[in-house]
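Worksheet for the structure shown next.
Throughout, read-outs are computed from the coordinates displayed, never taken from laboratory work. Here the structure is a predicted model, which is why all the values come from computation and not from measurement.
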Amino acid sequence: MSKRMINVGAVAGGDAYLFMGSEKVALIDSGFGFCAPNMIKNIQEILGDRPLDYVLLSHSHYDHALGSCYCHLIWPNVQVKSTVYAAKILRKSSAQAVMLDLDRSAAAAYGYQEGNLPMEYLYADGTMEDGDTISLGDRTLVMVASPGHTRCSAAFWCPEEQLLFSSETMGCYAEKNLVMPAALVGYQMAMDFIERAENLHPQKILVPHYGILEGEQCQQYMENAKRCYKEVKEQVCQAITNGSHLSDIAA
């Protein structure tokens, strides 16, 4: 993994990657809430007195967004950015209640004691549209809209590194030739994003909940993602044609 990109997540599955530029620093996703203080310590050990400039959220799910509360608390000038849709969700009291419940369940599963999250700090300071850019000095991050996993999903592309901080919309890497589809809101949305990603010709892909792929692994991953999505679609369509109920298929 590049020295510019460091996994500062506190637990497995709590995605949080620090990406260093010559002038500014961005955190790509912010992990769970229950273990965020440990993530903050990891960041501080790396940055020292240097501030965290940005937190870029790939979507509004609790395991990616809740840690941003503590980022706001520790670095008052940090800019948390998301899609417009994600920003609205983060402010909804009903969504926050669900996120808190899920985070508490995750804390118990990981053996953490339940803490008091500073939910008043859960918000986006600004939003990004498809194609918007952020300069970190010698590196640039371009937002790539990737609805499919959620309606608010986004990926981030660094052209200088040929690095794609991918989205769960592409699917979850399971093993060499298997990608688990993760399109919760749209099959075609997911296929469209994979095609866009292929056209970028990434040499490195940061896969959520997995890690970094490089070189030929990138193209193989994207090809496998398309194949697995198509196979699952065909299985679902065939099951419906045979009279199965959607609840039976999901089970």
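General observations
- One chain, two ends: Ile74 and Ala95. Fully extended at 0.36 nm per residue, the span grows by 5.2 nm beyond their Cα-Cα distance.
- Segment 76-135: C-alpha pair distances exceeding 16 Å, %: 56 percent
- Centre-to-centre, using Cα atoms only, segment 50-81 and segment 125-144 are separated by 15 Å.
- Of interest is the spacing of the C-alpha centroids, which for segment 188-242 and segment 152-168 amounts to 14 Å.
- For segment 98-251, the Kirkwood radius over C-alpha pairs fed into Stokes-Einstein at 25 °C and 0.890 mPa s yields D = 140 µm² per second.
- Gaussian network model of the chain, springs between alpha carbon atoms under 10 Å - residue of Ile240, Ile89, Ile212 with greatest fluctuation: Ile240
- Expected 222 nm ellipticity per residue - DSSP helices of 4 or more, -39500 (n - 2.57), all of the chain, to 500: -11500 deg cm²/dmol
- Each residue of segment 214-222 was assigned a 3J(HN,Hα) from its phi angle through the Karplus curve 6.51 cos²θ - 1.76 cosθ + 1.60 (θ = phi - 60°); the sequence is 9, x, 5, 4, 5, 5, 4, 4, 5 Hz, with glycine and proline shown as x.
- 3J(HN,Hα) couplings calculated from phi for segment 91-108 with the Karplus curve 6.51 cos²θ - 1.76 cosθ + 1.60 (θ = phi - 60°) are, in sequence order, 8, 7, 5, 5, 5, 4, 5, 5, 4, 5, 4, 5, 5, 5, 5, 5, 4, 5 Hz; Gly and Pro show x.
- The amide H of Val25, built 1.01 Å from its N in the peptide plane, has Asp53, Tyr54 as neighbours under 5 Å, considering only residues 5 or more places off or on other chains.
- Couplings 3J(HN,Hα) of segment 81-90, computed from phi: 10, 8, 5, 4, 5, 5, 4, 5, 5, 4 Hz, in residue order, whole Hz [Karplus 6.51 cos²θ - 1.76 cosθ + 1.60, θ = phi - 60°; x for Gly and Pro].
- Between Glu23, Glu195, Glu214, the Gaussian network model of the chain with springs among Cα atoms under 10 angstrom shows the greatest mean-square fluctuation at Glu23.
- Highest GNM mean-square fluctuation among Gln44, Gln96, Gln113, for the chain modelled with Cα contacts below 10 Å: Gln113.
- In the frame of its principal axes, segment 48-188 has Cα extents of 39, 39, 28 Å, reported largest first.
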